[in-house]
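J.: For reference, the structure I am asking about is given below.
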Amino acid sequence: MDKIDHIELGQIVTRIYNRYKDDINVGKVADYIPTLKEVDPRGYAISVATIDGFVFNVGDYHTGFTIQSISKVLTLAMLAPRLGDELWRFVGREPSGNSFNSLVQLENEKGIPRNPFINAGALVVTDRLMDFYKDDTDIRLSTRAITKEAILRFVRGLSGEENIDFDKITAQAEILTAERNYALAHFMKSFGNIGNSVQDVINTYCHQCSIRMNTEQLAKAFLFLANSGVNPLNGERIVGLRDAKRINALMLTCGLYNESGDFAYRVGMPGKSGVGGGIVALIPGKLSIAVWSPELNSNGNSHRGISTLEDFTTELGISVF
């Protein structure tokens with residue numbers, strides 16, 4: 001199928017939504033901070049955005065949720081064009097095979113995280129991104145404040161939504177429970193792989209994870225990766241062709257923690273998940289799709305989200321394979 005029929009696309013999404021809308025009590029809502037624990041486990045939304053401007057939503061698509069680890073793709077997209085191949089001196093490109101917040105591999109690999117989508121790798125990306133805003137710092141604003149504002153501007157520009165913001169309560173709660181991330185950052189700093197203040201890096205990282213979006217905003221924000229690095233909403237080039245290809249490849253191999261291989265096998269799309277229950281995935285040259293359902297499986301991914309996306313590519317008859 002070369003051109004996706006919009007009516008058929010909407011019918012497929014509606015059919016899948018109706019199939020899974022009552023599929024609850026099969027996972028567990030993230031509970032390590034109160035704002036995640038308090039989310040209604042029945043929430044469920046699907047949004048699809050195509051590069052030719054069609055958007056289809058169903059379910060609780062007006063409901064915002066914190067995107068959590070999905071933000072790691074966006075900060076990587078901010079950094080990759082600035083740093084180029086120099087980036088890969090500080091972070092690897094391989095699946096980790098361990099928990100997303102594991103310290104184990106850092107000891108053996110001398111403080112170089114396995115990929116940008118585990119926590120250690122995302123902290124390195126955030127640290128390097130902050131370096132590019134040091135010259136913008138003045139007596140009124142810190143580097144971390146300017147970096148956080150730049151991240152927000154970037155996300156707002158991708159989605160065309162100026163009302164996107166941090167969930168400040170979630171951000172503060174994550175900072176207060178960030179002992180493991182502090183340990184990761186300090187450990188990498190001992191190897192010279194974190195340059196900024198650990199406190200500033202953690203603060204910035206927790207804020208980027210707390211960005212609150214709904215599925216429509218999220219689907220639109222990832223369209224640039226389905227469109228060879230160009231945002232089809234406004235024609236702006238976000239990343240080059242090579243960076244778009246590489247980020248998509250990393251999403252396919254590393255985007256769903258220890259379930260990345262199974263996700264590629266079942267779904268066949270580059271994707272990224274977050275413990276807030278969101279998953280965003282894309283078919284290059286076609287579309288992006290965001291699903292939100294907060295009940296997580298044992299790997300920390302949305303149970304209903306993965307089933308939704310598996311059925312989506314099967315019934316649409318299109319995947320990256």
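J.: Considering only residues of the range 135-153 that are in a loop (DSSP other than H, G, I, E, B) and modelled with pLDDT under 70, which is surrounded by the most Cβ atoms within 10 Å (Cβ to Cβ)?
T.: T137
J.: Still on this structure, please answer the following. All but one of (1) surrounded by 14 or more Cβ atoms within 10 Å (Cβ to Cβ); (2) touching a Phe, Trp or Tyr at 6+ places or on another chain (Cβ under 7 Å); (3) hydroxyl-bearing (S, T, Y) hold for T177, so report the exception by its number.
T.: Failing condition for T177: (1).
J.: Go through the residues of the range 34-43 one by one and say whether even a single one is under 25 Å from A183 (Cβ atoms) and either of a type in the set (A, V, I, L, M, F, W, C) or in contact with a Phe, Trp or Tyr (Cβ under 9 Å, 6 or more places away or on another chain) (or both).
T.: yes
J.: If I filter the range 260-279 for residues that are under 21 Å from Y44 (Cα atoms) and acidic (D, E), do I get at least one hit?
T.: The answer is no, given that none of the residues of the range 260-279 is under 21 Å from Y44 (Cα atoms) and acidic (D, E).
J.: A further question follows. How about the range 1-55: which of its residues are in a helix (DSSP H, G or I) and among the small types (G, A, S)?
T.: The answer is G10, and nothing else.
J.: Which one of these is of a type outside the set (S, T, N, Q), assigned to a helix (DSSP H, G or I) and closer than 23 Å to L36 by Cβ: I279, I306?
T.: I306
J.: Within the range 226-237, take every residue that is of a type in the set (A, V, I, L, M) and surrounded by fewer than 22 Cβ atoms within 10 Å (Cβ to Cβ) and give me the one that is nearest to S159 (Cα to Cα).
T.: Among those that are of a type in the set (A, V, I, L, M) and surrounded by fewer than 22 Cβ atoms within 10 Å (Cβ to Cβ), it is L233.
J.: Another question about this same structure. Given G43, G27, which one is surrounded by 15 or more Cβ atoms within 10 Å (Cβ to Cβ), in contact with an Asp or Glu (Cβ under 6 Å, 6 or more places away or on another chain), closer than 30 Å to I175 by Cβ and modelled with pLDDT under 95?
T.: Unique residue meeting the criteria: G27.
J.: Here is a further query. Could you identify the single residue in E259, E216 that is within 16 Å of S69 (Cβ to Cβ), surrounded by fewer than 24 Cβ atoms within 10 Å (Cβ to Cβ) and touching a residue at least 24 places away in the same chain (Cβ under 8 Å)? Please lay out each step first, then the result.
T.: On the way: E216 fails: within 16 Å of S69 (Cβ to Cβ).
Every option except E259 fails the conditions.
J.: I'm trying to understand the selection: among the residues of the range 2-22, which are closer than 18 Å to E310 by Cα and among the aliphatic types (A, V, I, L, M)?
T.: Answer for the range 2-22, where residues must be closer than 18 Å to E310 by Cα and among the aliphatic types (A, V, I, L, M): I4, L9, I12, V13, I16.
J.: What is the one condition in (1) in the same structural domain as I175 (by TED's automatic domain parsing); (2) surrounded by fewer than 17 Cβ atoms within 10 Å (Cβ to Cβ); (3) assigned to a loop (DSSP other than H, G, I, E, B); (4) at pLDDT 95 or above that R82 does not satisfy?
T.: So R82 meets the others, but not (3).
J.: Here is a further query. Which condition breaks for F321 when tested against (1) assigned to a strand (DSSP E or B); (2) outside the structural domain of Y32 (by TED's automatic domain parsing)?
T.: Going through the list (1) assigned to a strand (DSSP E or B); (2) outside the structural domain of Y32 (by TED's automatic domain parsing), F321 breaks only (1).
J.: Which fully enclosed helices (runs of 4 or more DSSP H) of the range 162-253 have 3 or more residues being aliphatic (A, V, I, L, M) and in the same structural domain as V13 (by TED's automatic domain parsing)? Break it down into steps so the answer makes sense when it comes.
T.: Working: elements: 168-176, 179-190, 198-209, 215-221, 223-226.
In the range 162-253, the matching helices (runs of 4 or more DSSP H) lie at 215-221, 223-226.
The values are calculated or read from the model by the stated rules, or taken from the named source; none is laboratory data. Just so you know, these numbers come straight off a predicted model, no measurement behind them. Every residue, glycine as well, gets a Cβ built from its backbone with ideal geometry; the counts of neighbours run over all protein chains shown.
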